[in-house]
Structures are given as C-alpha cells and as structure tokens.
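Scroll down for the structure; my scribbles are underneath it.
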Amino acid sequence: MADPVSAGRCTLVDGVPHRDGRAFVSVGVNYHPSPTGCDYWREWDGARIDDDFRGMAAAGLNTVRFFVFWSDFEPKEGVHDPEPTGRLVELVRTAARHGLTCLPSLLTIWMNGQRFDPPWREGRDLWRDADLRERQRAFVHHIATELRNEPNILAYDLGDEIIHVDSAASAALGADEVRDWWGMLAGAIRDADPHALVLQANEASAVLGGHAFRPEHAQPLDLVGLHGFPVWTPFHIESVAARKATAFLPYLVRRGRAHRPVYVDEMGSYGCDETTAARYLRAAAHSAFAAGAVGTAVWCWQDFTTERKPYALRPNERRVGLLTADGREKPALAEYRAFARRVTGELAGFRPLPAPVGVLAPAADPPEEAGYLTPDGSDAPAAFYAHLLLQQAHLPYEFTSCDAADLARHTLVICPSARRLSLPDRHRLAQYVASGGTLLYSTGSLLDGAGDEELFGIRVRDFTRADGAHADFTWAGVRFPLRWDPAPIPVIDTAGAQALAAFTDGSPALTRHHLGEGSAYYLNAPLEAQLNAPHRLTEVAWHRLYEAIAAEAGLHAPVTADDPSVETTVLARGDERCTVVINHAPEPVDTVVRHRLPGGAARSPAAAERLRLEPKGVRLLFWRAAERPA
C-alpha cells in the first residue's frame, strides 16, 4: 500500500515536478492575510484563511506560498512556541482541503524591505556564527518534523531573500560557504522529512551578481527560487509595458535553468495601473513557462488593510494584490486564471526542447581579487541583451557553461561582450570549434577579453580612444552603430582570419577564422553590452547579426514571426509541439508566423498563420513534429 504522504508529494523526474505520477505545474500566489499582514501567526484568524484559500482554489490556483516568521515561532532562543506551530499545521491542512499545495518559506526575517528579527539574534552572523547556525538547523528540522506527514507540501524554501538580512555578510561569503550553509539546512529538512524538496529564493541578484547565492552553486538544493520585477533591474527597462520588461523574467529563468529547475516564487509588477499590470502578468507568466519555469507564484493575493510594519514604511507594498482590499478582482487575476488553466490543462507536460544555440555567460565574479587588473564594468547587461537578440531572431537557445560536454550540445555558441576569457576557457572553446562548432565572440575588454591568434586568427595592434573611427560597421546589409564606454578600444589586425566588416579606420570589425572543422567569429566591439540604454534596442535590427551567423552555421529558426517583438518558443510533449507566440510589445501587432521544413525551407505562405496579437497578447499553436518538422 502506498505511503499517503509520498503519494501526494512532488518528486522531480528529469528536472520536472511530478505529483501522483503526472507532470505537475505549480501555479500559485504569495500570501499574508489582508487585515493582519505579517502578524497573522500571533493574530490568528483561521476562518479568514479558510475563505482566502477557497478563493484561490476557485481562481484555478493550486499553490500557496506563505512565510514562517522565525521570531514568532522561536521567540526565545532554543524554545519553539507550540501555539504558532499548531497554527502552521492548521494552515497546511486548510490548504489541503481546498486542493492547494504549500510552499512554506522558513527562517523568514526579511520582508518587504524590513527585518523581522528574532530579538535574541543580536546581530550575529547567520552564516558564520556556529551557535546561530545550529539554531537555524534545529529550527528548520523542527518545522519539517511538524509537516512531514502533510502530503500537500510542495517544497520548503530555506529563507526568502535571506541575503538581505545582512547584505555585507552575505556578500562576503564564498561559494563553498554558501554550499555548506545550503547543504546543512537542506540536510536537516530531509532528515526530518525524507519526501521533501528544498529550494532557497532570492531576487534577481542571484543571477546578476554580487554574492555567491547563485544557481551555479546550488548543488545541495533541488530547485532554485528566483524573483524578477521589471522596476528593479540594472537594464534600463523603459516601463512596465516595455518589450524588455516582460522579457526580463524568462531571462532569469533561462539563466537559472542551466543549473537547477527554476521556481519563480515571486512575480508581478509595481508602479503601474491595473491594465498594465494585467498585460504584464499575461506575457511574463507565459514567457517564463516557455523558458522552462516549473512553477510561478504571483506577489501577492490581496491588497492590505493593515498599516503596520512593513507597510507603514513601504506603503507601496499594500496595493499589489490580485484582489483589492475590499475583495474586487483586478484584471490581473483574470489573466492569471487563464494562464493557470492553460499550463495545468492543454500545456501540461510540455517542456522546452534542447537548443542548438548556447549562450556562454561568464562567472559572476573573478576567481580571486585582481585589483586594478580587473576590467571595469559589469558582465550582467551583455547576457541579458544576448537573450533579447536571440528572442528577436527566433533562434532556440539556452545558457551553457564552458564545460566541453555542455559546449558540444550546441551548433552555435555565443559569448557576448566578454570582459575576460581565461586560458583554460580559450582552450575548451578552441576544441569546440575545431570539432565543428561555430563560435560568435564579441569582446568587452582590451586585455582579459581580447581575442588571440590561435582561436580567432587576429592580433591586437594597439588601443585607441578615437571612438569616432570605430563608430559603426556594416554587415549582412545592416549598419550597426556603436556607443563606446570611456575605456581603451582594441584595434586589431587579421592573422589568419578573414575580415568580414571594417571600421572607418580600415581595421577589422568582424572576422571569421576557420579552425579545424568549425569557425570562430570575432566581433571587435561589445555589441550586446552597449545596448543597455533606454530605447537603444529598437534603434537598429541588431538581431540580424545573430541571424546571419546562425544561417552560415546552417541554423534557421524553426518558427519565425515577421515582427521581432513577437516571441516564438517551441515546446514539446512527445511528438506533440506547441509554439508559444507572445507579443512583448505594448501595442497591437499584426504578424505572420511561419514554420520551417527540414533544410530550412519555409512553408508556403498559404500555410502560414496570420495573427493579430493584442498588447502583450499570447497565442498557442499546436502541431505534431511529423506535420511540421523543425
């Protein structure tokens, strides 16, 4: 007879959550009760929670994420209060009655920009203080022990954005220390609850850099939790309605998914009206799912009536619910309901296909302090804009590492605006190219990022500050204007490579070097990084460069749209296919979607789908691989 707990719990099968033997897509919401906010464990209202959970289930949601405030559950050091613990079990069982799985966020201290600190912590370091580490281990073990017999626990979150409890201390940790902390807590949970899945949720800095709480270090975890809001990015997103805004969340998913399955446990928008918020949620949720997210949770269920901490200091946090304070459904809830119906219904079991294009994003931090030798600037924008250009070119892609096996999975590897390239990485890339791969490399630094003769067939002649002489180049019928940062600009000569395009001073701008069975393209400009300015992305058809080089490598987009603001991502379930068509633009778009036959031939115009997409509109096109081979 099956264990009733294990029968209801989620497991990962090839990185895909399954429940009761079937693929499970979590579609949820973050929750504090509106009247009490963060005080609900001390001001308990079980009837209110029951009503709220009933409303979530009626909206088609299947998951609730909530927060276990450490100070409420362990008010005295080493003493776990039985009253909130009992309420926690009651909450989980209430959720079960309404068919909701639960994602409890443990060790909650940081919430909406303020600390809810156990008074006895007294500023001790969460990660390096041995006694405090033991208190954390004991606490998560205690919670998992209390919940181990509840079949509707989706996963445990070790601590929501816990890095911000002490940003200086968390930023000082190395990767080994972060893995050790994750492993200690995950081990304590699994010891108490052998069926448990474990994640730890952070905002976008987990991908963009600044600390070691990153997906590439998440080996002790089953999933990574990521948050992405368009108002908080370094990427000069012009508005919540902008094209880049709804492409930001799937970018984070694609970056994280290169290492672990990704759960987007906070998504939504701030600083916009209800119509804009609804359109944003529609496009961002579908695009995150198409990028491979295994679940999503909107921030948050309902606007708050409480005016206490943290809302007294952060009043903007009171008005971002799917419901108004008096219970009116906002337009975003209708959009999320439709999304939930799709991903748990007709899209259930569909997942991304292996991608022929890989994007090589460098490690977030140099392996050791390099002082003045460290190149200026940030690596973060380059990978984001590479993601946007590939999306506009409709080329299937994923982020990859420089590991030889990872590189070998791709026909084309793009290394965007690289500010450093180590000698071992150069050797691995040379082996990849020599074995038949195609590499597109754009440089972001005179020294550490510059190309070399062996791999690229070029030499650095000198550097210049004359950015006017390197203001643009033309290739594939497109003029590409450049905006240089105030840094040395490399001037190169060919040394075996063929010059494909030149700057006005005659020096090569783009070269191609045949190495073994493959080709290495070298772009002597930080093409992707220099796009990080408002409206810069729409000034030129930048994606044509990627498109042309992919074509020379024998790659053609399996599904295209004649408008670059329209995403066309193909998902698979066996031999079934679904093209997720998303208009990322804030205005309506009339477009033609075409599928390609083997060899790159386009289908006849009569067979093409002509679509009119509303602002941030979504369409699903279903087909079988045998009917429309890609």
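Values in this text are rule-based calculations from the coordinates and carry no lab data. For clarity, every value in this text was computed on a predicted model and none was experimentally measured. We place every Cβ from the backbone using ideal geometry, glycine too, and count neighbours over all the protein chains shown.
Here are a few things to note about the model shown:
- Each label point was placed 7 Å from the Cα along the Cα-to-Cβ direction; for Thr411 and His535 their separation is 3.8 nm.
- Paramagnetic reach from Ala138 in region 46-88 [backbone N under 15 Å; point 7 Å along Cα→Cβ]: 71, 73-82
- Projecting the Cα atoms of Leu447, Ser435, Thr474 onto the charge dipole of region 422-502, computed from C-beta unit charges around the Cα centre, puts Thr474 farthest toward the positive end.
- Label zone at Phe463 (point 7 Å along Cα-to-Cβ), backbone N below 19 Å, region 391-424: 417-423
- Region 534-550 versus region 180-213: alpha-carbon centroid distance in Å: 37
- Between helix 380-393 and the chain there is an angle of about 70 degrees, using the helix long axis and the longest principal axis of the Cα atoms.
- (i) 22; (ii) 30; (iii) 18, with the label sought being that of the calculated percent of Cα pairs over 44 Å apart: (i)
- Exposure proxy for Trp301, Trp475: other Cβ atoms within 10 Å of each Cβ, ordered fewest to most, give Trp475, Trp301.
- Residue order, fewest to most beta carbons within 10 Å, for Glu453, Glu216: Glu453, Glu216
- Here the extension length gained between Asp51 and Glu453 equals 137.9 nm, from 0.36 nm per residue of separation less the Cα-Cα distance.
- Residues Cys415, Cys300, sorted so that the one with the fewest Cβ neighbours within 10 Å comes first: Cys300, Cys415
- Net dipole in debye of the chain [+1 Lys, Arg Cβ; -1 Asp, Glu Cβ; about Cα centre; nearest 20]: 1760
- Taking one quarter of the surface of the convex hull spanned by the alpha-carbon atoms of region 84-138 gives a direction-averaged projected area of 5.1 nm².
- Extending 7 Å from Cα along the Cβ direction at Glu274 and again at Arg351 yields two label points whose distance is 3.9 nm.
- Since only Thr400, Leu88, Ala293 are under comparison, the one whose Cα sits farthest along the positive direction of the charge dipole of the chain, derived from C-beta charges on Lys, Arg, Asp and Glu, is Ala293.
- More than 27 Å apart - percent of Cα-Cα pairs taken over region 357-552: 21
- Directionally averaged shadow of region 70-221, computed from the convex hull of its alpha-carbon atoms, nm²: 8.8
- Distance between region 163-178 and region 380-424 - C-alpha centres, whole angstrom: 27
- Pairs of Lys residues in the chain are counted when their Cα atoms are under 24 angstrom apart and they lie 8 or more places apart or on different chains; the count is 4.
- Projected label distance in nm at Ser422 and Ala58, using a 7 Å step from Cα toward the beta-carbon: 5.7
- Each residue of region 544-558 was assigned a 3J(HN,Hα) from its phi angle through the Karplus curve 6.51 cos²θ - 1.76 cosθ + 1.60 (θ = phi - 60°); the sequence is 4, 5, 4, 4, 5, 5, 4, 4, 5, 8, x, 9, 10, 4, x Hz, with glycine and proline shown as x.
- Over all projection directions, the Cα-based convex hull of region 139-296 averages an area of 9.7 nm².
- Positive-end extreme of charge dipole, the chain - chosen from Ala58, Pro17, Val253 (charges on Cβ): Ala58
- Estimated vicinal HN-Hα couplings, Hz - region 173-189 in sequence order (Karplus 6.51, -1.76, 1.60; Gly, Pro = x): 7, x, 4, 5, 5, 5, 4, 5, 5, 4, x, 4, 6, 4, x, 5, 5
- Once divided by 2.2 N^0.38 Å, the Cα radius of gyration of region 4-349 becomes 0.91.
- Note on region 98-146: with charges restricted to the Cβ of Lys and Arg (+1) and Asp and Glu (-1), its dipole about the Cα centre is near 80 debye.
- Net charge of Cβ neighbours under 14 Å - reference Thr344; Lys, Arg +1; Asp, Glu -1: +4
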